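A.B. asks: Sharing a structure below in structure tokens format, with a few things to ask.
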Amino acid sequence: ARRLADRVCVITGAASGIGRATAERFLAEGARVVAADLDGERLATLEGAVPVIGDVSVAEDARRMIDTAVERFGRLDVLVANAGVIPLLDITEAEPADWDTVMAVDGRGMFLTCKYAIEAMLASGGGAIVCTSSISGVAGQARQAVYGPAKFVASGLTKHLAVEWADRGIRVNAVAPGTIETERVAAARVEPGGPEYLGEVLGAHPMGRFGTPEEVASAILFLASDEASFVTGAILPVDGGYLAR
Ligand code: NAD
């Protein structure tokens, strides 16, 4: 049986990387997918999903992502709050504007999409949220002076919202991916300090490799599905053993 048959799902950051792999997996599992992203051109190549072009850090856009699901399909069952930007900066390199940008997208954007999703889920009797946190949202790492704290916001929202809404039928969980082979990581290979950073990080993954977007999508699928019916407030590492050290 398909694991998300007829479930109405909004996925943010769905044009690329982990979000795109999740959208493809959810579609294959029978979900009705609203795919939201800034990048309309790439979103248009995702067949079978309803595209919404918008910026998660802008309240009206975040609301429109959720409203689109409710207007098209009558309710919202699942939010995957995944959109994010990933600057790899130490605190001496980071400018005040870097902090503002990352907190806007990875912090405020997650807050806004979760807020409107919970309002919609309360109206339809419950649901499940999966936030994309990171190993940097659980443990300390070099070159994460800006990104890391924003990912702690994702982990924190997950726990606080899980406790607050558990008795209303809303589960809230997160995945904490290790380094995943996405375009962002490919770009980091040619950034100043990138190869050194990635080499060190690779050495800290006990499996000796980075993960794939599909491996993260599998974990997100589990948390979003009824198979995780007694799981809430969890931050599931998908990291080849990184956080186990
Ligand atoms: P990616 O760059 O491939 O995809 C991110 C997507 O988010 C892009 O399509 C981008 O257009 C979209 N996006 C960016 N800002 C947006 C905004 N303001 N509004 C709407 N959409 C926006 O990156 P990815 O690696 O797939 O990252 C997805 C999530 O996974 C992020 O939250 C990231 O922090 C997290 N993550 C990634 C890794 C990794 O190693 N790649 C590791 C841990 C966590």
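The values are calculated or read from the model by the stated rules, or taken from the named source; none is laboratory data. Quick caveat: nothing in here was measured; it's all calculated off a predicted structure. No Cβ is skipped: glycine too gets one built from the backbone with ideal geometry, and neighbour counts run over all protein chains shown.
A.B. asks: From LEU46, LEU27, LEU38, grab the single residue that is touching a Lys or Arg at 6+ places or on another chain (Cβ under 8 Å) and not β-branched (Val, Ile, Thr).
C.D. replies: LEU46
A.B. asks: Next up: Could you tell me which residue of the range 167-191 is nearest to SER133 (Cα to Cα), considering only residues that are part of a strand (DSSP E or B) and touching a Pro at 6+ places or on another chain (Cβ under 7 Å)?
C.D. replies: ALA176
A.B. asks: Further question on the same structure: May I ask you to verify whether ARG32 is in contact with a strand residue (DSSP E or B) (Cβ under 8 Å, 6 or more places away or on another chain), buried (at least 18 other Cβ atoms within 10 Å of the Cβ) and of a type in the set (D, E, K, R)? Write out each step before concluding.
C.D. replies: Values: in contact with a strand residue (DSSP E or B) (Cβ under 8 Å, 6 or more places away or on another chain): yes; buried (at least 18 other Cβ atoms within 10 Å of the Cβ): yes; of a type in the set (D, E, K, R): yes.
Judged against the criteria, ARG32 is a match.
A.B. asks: Let me ask another. Among (1) of a type outside the set (Phe, Trp, Tyr); (2) surrounded by fewer than 23 Cβ atoms within 10 Å (Cβ to Cβ); (3) within 11 Å of the ligand (Cβ to nearest atom), where does ASP167 come up short?
C.D. replies: Answer for ASP167: the failing condition is (3).
A.B. asks: Return the residue satisfying two criteria in turn: it lies in the range 192-214 and is in a helix (DSSP H, G or I) and among the charged types (D, E, K, R), and of such residues it is nearest to GLY19 (Cα to Cα).
C.D. replies: Out of the qualifying residues, it is GLU214.
A.B. asks: Restricting the first residue to the range 142-170 and requiring it to be free of Cβ contacts under 8 Å to residues at least 24 places away in the same chain, which pairs with a second residue that is buried (at least 22 other Cβ atoms within 10 Å of the Cβ) and not in a loop (DSSP other than H, G, I, E, B) meet a Cβ separation below 6 Å and a spacing of at least six or different chains?
C.D. replies: GLY148/SER136; PHE152/GLY137
A.B. asks: Residue pairs, Cβ under 9 Å, 6 or more apart or interchain, first in the range 99-128 and acidic (Asp, Glu), second assigned to a helix (DSSP H, G or I) and away from the ligand (no atom under 15 Å from the Cβ). List them.
C.D. replies: Hits for this filter: zero, empty list.
A.B. asks: Also, quick follow-up: Considering each of THR68, THR22 in turn, give the residue that is more than 20 Å from VAL153 (Cα to Cα), buried (at least 18 other Cβ atoms within 10 Å of the Cβ) and within 13 Å of the ligand (Cβ to nearest atom). Explain how you work it out, then say what you get.
C.D. replies: Working: THR68 fails: within 13 Å of the ligand (Cβ to nearest atom).
After applying the criteria, what remains is THR22.
A.B. asks: Return the only residue of THR113, THR158 being under 18 Å from the mean Cα position of the chain (by Cα), within 15 Å of ALA83 (Cβ to Cβ) and not aliphatic (A, V, I, L, M).
C.D. replies: THR113
A.B. asks: Here's a follow-up. Answer yes or no as to whether ALA217 is in a strand (DSSP E or B), touching a residue at least 60 places away in the same chain (Cβ under 8 Å), within 22 Å of LEU79 (Cα to Cα) and among the small types (Gly, Ala, Ser).
C.D. replies: no
A.B. asks: Between VAL52, VAL78, VAL58, which is touching a strand residue (DSSP E or B) at 6+ places or on another chain (Cβ under 7 Å), within 15 Å of the ligand (Cβ to nearest atom) and either in contact (Cβ under 8 Å) with a residue 60 or more places away in the chain or not charged (D, E, K, R) (or both)?
C.D. replies: Sole residue among the options that is touching a strand residue (DSSP E or B) at 6+ places or on another chain (Cβ under 7 Å), within 15 Å of the ligand (Cβ to nearest atom) and either in contact (Cβ under 8 Å) with a residue 60 or more places away in the chain or not charged (D, E, K, R) (or both): VAL52.
A.B. asks: Is at least one residue of the range 117-131 among the hydroxyl-bearing types (Ser, Thr, Tyr), within 14 Å of the ligand (Cβ to nearest atom) and on the phi < 0 side of the Ramachandran plot? Give the steps one after another, and end with the answer.
C.D. replies: Keep residues of the range 117-131 that are among the hydroxyl-bearing types (Ser, Thr, Tyr), which gives 124.
Within this subset, residues satisfying the condition of being within 14 Å of the ligand (Cβ to nearest atom) are none.
Among the residues of the range 117-131, not one is among the hydroxyl-bearing types (Ser, Thr, Tyr), within 14 Å of the ligand (Cβ to nearest atom) and on the phi < 0 side of the Ramachandran plot, which makes the answer no.
A.B. asks: Looking for something assigned to a helix (DSSP H, G or I), at pLDDT below 95 and farther than 28 Å from GLU215 by Cβ - is there at least one such residue anywhere in the range 124-136?
C.D. replies: Pass one, the range 124-136, residues assigned to a helix (DSSP H, G or I): 124, 135-136.
This time we only want the ones that are at pLDDT below 95, so: 124.
If we keep only those that are farther than 28 Å from GLU215 by Cβ too, we end up with 124.
The answer is yes, given that some residue of the range 124-136 is assigned to a helix (DSSP H, G or I), at pLDDT below 95 and farther than 28 Å from GLU215 by Cβ.
A.B. asks: State which residue pairs qualify: first residue under 19 Å from ALA62 (Cβ atoms) and modelled with pLDDT of 95 or more and inside the range 14-32, second residue hydroxyl-bearing (Ser, Thr, Tyr) and more than 8 Å from the ligand (Cβ to nearest atom) in any location, beta carbons under 8 Å apart, and separation of 6 or more residues or different chains.
C.D. replies: ALA14/THR22
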